[in-house]
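The structure under discussion appears below in the form of structure tokens.
Readers should treat all values here as calculations from the given coordinates under stated rules, not as data from a laboratory. A quick note: this is a predicted structure, and the numbers were derived from the prediction, not measured. Neighbour counts are summed over all protein chains in view; Cβ atoms, including those assigned to glycine, are modelled from backbone coordinates with ideal geometry.
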Amino acid sequence: MLPVIVVHGGAGQESDLKEGPELSCAGVKEAARGGYGILRAGGSAMDAVVEAVTILENNPAYSAGRGSALNVNGEMDAIVMDGRTLTSGAVKAVRRVANPVQLARLVMDKTNHLCLAAEGASQFARAMGIPEVPEEYLITDYARMRWKKALAPDANPVECDMGKMGTVGAVAVDAEGNLACATSTGGVINQMEGRVGDTPCIGCGGYADNKTGAASSTGHGEAILKVTLSRLILFHMEQGRSAEEASDLGLAYMKERVQGLGGCVTVDPKGEWAARISSLQMAWVAVQSEQLHYGLYVGEHFTESAHEPS
């Protein structure tokens, strides 16, 4: 059953582009195949999830890295967590970095801290030799369109944020049984300066523990923060629930308690995985035993070969 990787392209309510769902599914498949290739070669779960999320950050179809939501200062967040030791690294409000998830990995590997924010994160990136990219590189026409739509007097801010499938993430368990998660986001459209979302917060945007499982969450950040969604899901797994049951319980509680919608991908140490949503859609892909599983809308589950199509 091992190794396994599960990737999501963000929960959403609708798409403004006719080709949006197809683009989102194609990008998640590419990311999952990239991460699974590392696992197949004997690589670690951490290397696999960082590779998958890096691919998604480089794809302008998602609100992470390139294509991030437009906000006051072009701020982006990311987190990684290693289930072996509960070691984690995160960045908050980082700017002009093409791949925040790689910077989060460096925070975990090269510092004694868990999270670096704003200018401190940028200074660390420069110290690590990560080149800055022009902010224009990170802005897409789609992001500009959603930003303008959000400025309308009658705009619903939550619906605007959930319009595009945004926050991306991945969970994996490698051949050694080690788990990891990674999550990255471009934040919220027109968010206030200094706003902290769920993604860089341990237990909210993601959590990984070799004893239980790994989860990566997506959706309305404030709702996820209120219920610590990723850790809540793993709590239910600790009580003996399956990855799917635990995910559904966590999402249902968030919807009932704080009217929050979203989604998650989850995997346990034995390779049982789940991709569950309470919003309308979330592109997801799981790769296991050379088989690729994928879906977009609630209840969808298709399969194809994990190998690249000819």
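Report the antiparallel proportion of the DSSP beta bridges in the range 168-310 as a percent, rounded to a multiple of 5.
95 percent
What number comes out for the charge environment of residue 33, summing +1 per Lys or Arg and -1 per Asp or Glu over other residues with Cβ under 15 Å away?
-4
Once phi is turned into ³J(HN,Hα) by the Karplus curve 6.51 cos²θ - 1.76 cosθ + 1.60 with θ = phi - 60°, what whole-Hz value does each residue of the range 204-214 show in order, with x for glycine and proline?
9, x, x, 7, 9, 8, 4, 6, 10, x, 9
When ranked by the protection proxy of mean other Cβ atoms within 10 Å per residue, highest first, what sequence do the peptides 119-131, 196-208, 98-110 form?
Result, highest mean first: 196-208, 98-110, 119-131.
Mind listing the long-range amide H neighbours of residue 117? Cut-off is under 5 Å, sequence gap 5 or more, other chains count too, H placed in the peptide plane at 1.01 Å from N.
Hits under the 5 Å cutoff: 92.
Please compute the net charge surrounding residue 90, taking Lys and Arg as +1 and Asp and Glu as -1 over other residues with Cβ under 14 Å from its Cβ.
-2
Where does the charge balance sit around residue 45 when Lys and Arg score +1, Asp and Glu -1, over other residues with C-beta under 13 Å from its C-beta?
Every neighbour counted, the sum reads -4.
Only sites in a loop by DSSP and with at most 13 other Cβ atoms within 10 Å count here; which trypsin sites (Lys or Arg not before Pro) in the range 183-286 make the cut?
Filter output for the range 183-286: 211, 270.
Rank by packing, highest mean first: peptides 167-175, 293-301, 35-43, 87-95, with packing defined as the count of other Cβ atoms within 10 Å averaged across residues.
Final packing ranking: 167-175, 87-95, 35-43, 293-301.
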